[in-house]
Amino acid sequence: MTKTAAPPPDLAVTIGGLRLRNPVMVASGTFGYGVEYADVMPLAELGAIVVKGISLAPCAGNATPRLVEVPGGLVNAIGLQNPGVEGFIAQYMPFLRRRAVPVVVNIWGRRIEEYAEVAARLDGVPGVHALEVNISCPNIKDGGHVFGTRLDAAAAVVAAVRANTRLPIMPKLAPNVSDIAAFAQAVEAAGADAVALINSYPAMVIDVETRRPVLANVSGGLSGPAIHPIAVKLVYEAARAVQIPVIGIGGVSGPREALEFLIAGASAVQIGSANFGDPAVAGRVIEGIADYMRRHAMSSMRDLIGSLNVL
Amino acid sequence: MQLETSTVMEHELAGGDYRLLTLASQRIADAVLPGQFVSLGLAAPADAILRRPFSVCDAGAGRLTILYKPVGRGTRAMLALRAGDSLSLLGPLGHGFPMPPSDAAQPPLLPVLVAGGYGVAPLYLLARRYPRRGLLFVGGATGRDILMTSAFAALGWEVHVATEDGSLGEHGRVTTPLDTWLAACEVDAKHDFFACGPTGLLHAVAQRAAAGGQRAWVSLDRHMGCGVGACLACVQRLNNDGEKVWGRVCKDGPVFDAARIVWE
């Protein structure tokens, strides 16, 4: 009797009604609008692309320097530079629409009404599959982070976006809150289809010779391997607190970190800073997850998601 | 833009603390144009997140050379690279110097290259490929910062050197011999400037070009994140028909028309 090979594991997941061929996305701000990396990372292989944060009007972002490497991470204060929602649709959607990749648009505003307007404008735009609601950028003085660190404000933003779009919406949470479960529950109650975490951790670097902050914005957000264990704990707590899917973000630079998020209860992951070091890292992570599932005789993502053994 | 695994072929001293690193590259070396750069994905330091960008100094026949000085964590770790080591190579990246078509009816204007220290790197590839020989003005803090002048001379280019400590060439900045030469030019002489070096040097070249009604192309050196235009870390203010806009040094540059730069 010949032995038949086991069928390849099915990596597909469904996030708020949006079916992804695998659970690996690239994170907002680290993959531009896809066109920048398409030569070396075929977009159609990704679970989804989350594009750079979009606001109602164009935004110039912060002064430079905007980015500094630290051991195990990056501290950035780009300041959400973007061409505005109309510029984004005109400049980038024609390219993205031709690629067989789900497009998640990260949106942000300085006022709740701006989030609502951007959401309304993107509703029905061909090729836009979901909205990631950024309520956690540490680099915008008003708005952004303010919404992500106050429960009532976080819920209000999500409710306003919900009322203005039929697209799946996934708020992106800040890590520096005292009770992540409460935030996850608040946005779930406000109508979120999924919840993504974490954004970068507020951070600061000083040049001791000049005694000046290295970043023009004084402070920024820490990302990369340095924040990964922090993110795993927060994802674990959020996943236990809500029914909607959780998306794990923070320091994924290979299959192992992605698997940690999935085992902790995330239904999908995003790769951020690691794209800069290896533009093809997402492909490696997807392959590594499939290898792991084969080794552990898992046939679908259901076998993997939330499979943590806690004594 | 391509991503490939490359092998170290040679790693040698270039004078002073500077090193020339030559890599075997199947596809990128033959595609790179003068002024473009590549980024290296290094195995060390292990906790580094970013690739390291370098102007291409020479390229062709499946080989690509960069010139670097060990100044930071990445470049100091690169000192350990040996022939046969492999590393990740991404490129060609960015937009380089405009090159006149080789079949043009009129010869191009006289090319005048101005470099500070290892700013000679992208200018060497330009000199190798430019359809007309010209002049190189190169400055540095000391004679140990003056690199590759014999290589330019071997191509038939006229080389002028200045050092701030006077240890090699004229005493002073690179603008000292440049200004002497400009003063001796015919009033209506036309030439094109190509410059790479510290911002002060680039600004000085831009001012001289503007004063003389000449064109200048400058290669900016900025701390980069992704190197491909995605992260928006290395932006530069540009004039765009009277409006100030951000240009991405890695993607829209690193070479810009000096008249477009907002000097701050």
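The values are calculated or read from the model by the stated rules, or taken from the named source; none is laboratory data. Since the model is a prediction, treat every value here as computed from it, not as a measurement. As a convention, Cβ positions derive from the backbone with ideal geometry for all residues, glycine included, and neighbour counts pool all protein chains shown. Ligands, DNA and RNA are stripped out before the accessible areas are found, and what is left, the full protein with its side chains, is counted by its heavy atoms. Shrake-Rupley method; radii C 1.70, N 1.55, O 1.52, S 1.80 Å.
For the stretch A:271-294, accessible area lost to neighbouring protein chains reaches 30 Å² or more, against the chain alone with a 1.4 Å probe, at A:276, A:277, A:279. Interface burial in the stretch B:41-66, defined as at least 40 Å² less accessible area with all protein chains than with the chain alone at a 1.4 Å probe, covers B:47, B:49, B:50, B:51. Note on residue A:209 and residue A:294: their simple-model spin labels are 5.1 nm apart, each label 7 Å out from Cα toward Cβ. Taking every DSSP bridge with both residues inside the stretch A:155-311, close to 45 percent are antiparallel. Shown for the stretch A:36-161 is the translational diffusion coefficient from the Stokes-Einstein equation, using the Kirkwood radius over Cα pairs, a temperature of 10 °C and a viscosity of 1.306 mPa s: 103 µm²/s. Once backbone amide H atoms are built at 1.01 Å from N, residue B:136 has B:113, B:158, B:159, B:160 as its partners under 5 Å, excluding neighbours fewer than 5 places away on the same chain.
Across the stretch B:126-151, the residues whose backbone nitrogen lies under 11 Å from the label position 7 Å along the beta-carbon direction of residue B:167 are B:141-146. Our coupling estimate for the stretch B:217-223, obtained by passing each phi through the Karplus curve with A = 6.51, B = -1.76, C = 1.60 and θ = phi - 60°, is 10, 10, 9, 8, 10, 10, 5 Hz, Gly and Pro reported as x. Taking every DSSP beta bridge that has both ends in the protein assembly as shown, the antiparallel portion is near 55%. Per-peptide packing, taken as the mean over residues of other Cβ atoms within 10 Å, places B:192-203, A:18-29 in the sequence A:18-29, B:192-203 from highest down. Classify the stretch A:179-311 as rounded, prolate or oblate, taking a ≥ b ≥ c as the square roots of the eigenvalues of its Cα gyration tensor: rounded when a/c is under 1.5, otherwise prolate if a/b is larger than b/c and oblate if not. It comes out oblate by the Cα gyration axes.
When the solvent-accessible area of the stretch A:1-129 is split by element, carbon and sulfur atoms take up 56 percent of it, the probe being 1.4 Å. Per-atom-type breakdown for the stretch B:181-264 gives carbon and sulfur 49% of the accessible area (1.4 Å probe, protein chains only). For residue B:141 and residue B:185, a Förster radius of 22 Å and the Cβ-Cβ distance give a FRET efficiency of 0.20, rounded to the nearest 0.05.
Take the Cβ atoms of residue A:86 and residue B:110, set R0 to 56 Å, and the FRET efficiency comes out at 0.75. Each residue of the stretch A:60-74 is assigned a 3J(HN,Hα), and the resulting list reads 7, x, 8, 5, 9, x, 10, 8, 9, 8, 10, x, x, x, 10 Hz, derived from the Karplus form 6.51 cos²θ - 1.76 cosθ + 1.60 (θ = phi - 60°), x at Gly and Pro. Put simply, chains A and B cover up around 2100 Å² of each other's accessible surface, both sides summed, when a 1.4 Å probe is used. Remark on the stretch A:35-49: accessible area falls by at least 50 square angstrom from chain-alone to full-complex state for A:36, A:40, probe 1.4 angstrom.
All Cα-Cα separations within the protein assembly as shown were binned at 10 Å from zero, giving a P(r) of 3, 17, 26, 23, 16, 10, 5, 1, 0, 0, each value a whole percent of the pairs. Helix A:180-189 and the longest principal axis of the C-alpha atoms of chain A enclose an angle of approximately 90°.
Where a ≥ b ≥ c are the square roots of the eigenvalues of the C-alpha gyration tensor, would you call the stretch A:15-106 rounded, which needs a/c under 1.5, or, failing that, prolate if a/b is larger than b/c, or oblate? Verdict is oblate for the stretch A:15-106. Looking at the protein assembly as shown, the accessible area is 41 square angstrom per residue; that uses a 1.4 Å probe and ignores ligands, DNA and RNA. Against the main long axis of the alpha-carbon atoms of chain B, helix B:199-212 sits at an angle near 30°. What fraction, in whole percent, of alpha-carbon pairs in chain A exceed 26 Å separation? I get 41 percent for the Cα pairs in chain A exceeding 26 Å.
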